[in-house]
Amino acid sequence: MATVRWGLIGAGDIARKRIAPALRDLPNCELISVSRSRSELAKEFADEFGARKWYGDWSEQINDDEIDAVYIATPVYWHAEQTIAAAEAGKHVLCEKPMALTVDECDEMMAACRANPVKLGIAYYRRFYPCVVRAKEIIASGEIGEVSLAQINAFEFFDPPENDSRRWLLDPEKSGGGPMMDFGCHRIEILMYMFGKINEAKGTISTATFKREVEDTAAALLRFEAGCCATVTVTHAAAEPRDTLQIYGTKGSIHVPVLNAGEMTIVESGGSRVETRPNAAHIHAPLISDFADAVLQNREPAVGGNMGREVNAVIEQIYDQCTRRHGTLTTSS
């Protein structure tokens, strides 16, 4: 098998902009089929990206012998059911983040993939950003000394109308939480990639701006087994967007003003310098290529189910603590 033959489950905006182009263009991948609940839109999407087949029902798609793996690009409340069904159909699974609504669902997904056996990957693609890889290299080199603190901010303004296709993100039964769950998970995974296991996670959540069933703002304080600490601050209620990473050590620091842009400043005793590490044209491509290689080479993917579960466990710890303190997930602080 020279390539992995893919079925794409879900064909929304992210799949169109980031996932399908990579599945189509990567040399170790072939996009065979697409599924979406509205079959006419599935056909339109398939035609756009050169897929030979389309389905209105993903449960039919996973039983197609022409596909080896599925990319699950659906809302998080579908992840466990679709992953387990695909694994039982003998398909390798690359699943969007966050892995599932709960740690228990993560465990069920991993058990199904082990039992069949198929590969399981979770789409935490930001660890493949060249600036993130470079930051880890600098830390390992000792150039900025021992890391004491890292800070990540991820801000956006998100107040969708009732008829918006992403409105489900405000329903905790479907999303699992607000911005800490939706995109805070990406930042937690980056920090775990760079610093390892998290020993303790504390946090606070708020619905001070929007009266919702999920938080609109959250902040977490993480302590790593390696000794350093980190803060992750996320919000749906800031007019000014932020996507920053700052790492402070005993001899210097690393500053990434926009993670998606790839420019970074390294500060140490001799002065400072700017490095530019641009992302791949399709930012999901390195993640997907690694997963395809894992299937072809019969190895584990760089971001497997264990990492996906660990991220969910950290977020669950943050939310559980807030629930115990306030009595409800979304009580304003």
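The values are calculated or read from the model by the stated rules, or taken from the named source; none is laboratory data. Every value quoted in this text rests on a predicted model; they were computed, and no experiment measured them. We place every Cβ from the backbone using ideal geometry, glycine too, and count neighbours over all the protein chains shown. Ligands, DNA and RNA are stripped out before the accessible areas are found, and what is left, the full protein with its side chains, is counted by its heavy atoms. Shrake-Rupley method; radii C 1.70, N 1.55, O 1.52, S 1.80 Å.
General remarks:
- Selection from region 225-262 of residues that are acidic (D, E) and either farther than 21 Å from M192 by Cα or crowded, with 21+ Cβ neighbours inside 10 Å (or both): E240
- Some residue of region 292-313 being in a helix (DSSP H, G or I), among the β-branched types (V, I, T), crowded, with 19+ Cβ neighbours inside 10 Å and in contact (Cβ under 8 Å) with a residue 40 or more places away in the chain: yes
- Index of the failed condition, T231 passing every other in (1) outside any strand (DSSP E or B); (2) out of contact with any helix residue (DSSP H, G or I) (no Cβ under 9 Å at 6 or more places or on another chain); (3) closer than 21 Å to Y124 by Cα: (1)
- The set of residues in region 23-49 being open to solvent by less than 60 Å² (accessible area, probe 1.4 Å) and out of contact with any Ser or Thr (no Cβ under 8 Å at 6 or more places or on another chain) consists of L23, L31, I32, S33, V34, S35, S39, L41, F45, F49.
- Close pairs (7 angstrom Cβ cut-off, 6 or more residues apart or separate chains): touching a residue at least 60 places away in the same chain (Cβ under 8 Å) in region 159-180, open to solvent by 60 Å² or more (accessible area, probe 1.4 Å) and among the hydroxyl-bearing types (S, T, Y) anywhere: K174/Y77
- Meets criteria (touching a residue at least 60 places away in the same chain (Cβ under 8 Å), of a type in the set (S, T, Y) and part of a strand (DSSP E or B)) for T265: no
- Entirely in region 50-150, the strands (runs of 3 or more DSSP E) that have 2 or more residues that are surrounded by 21 or more Cβ atoms within 10 Å (Cβ to Cβ) and without any contact (Cβ under 8 Å) to a residue 24 or more places away in the chain: 53-55
- Of the residues making up region 16-41, those that are of a type outside the set (K, R) and at pLDDT below 95 are S37, S39, E40, L41.
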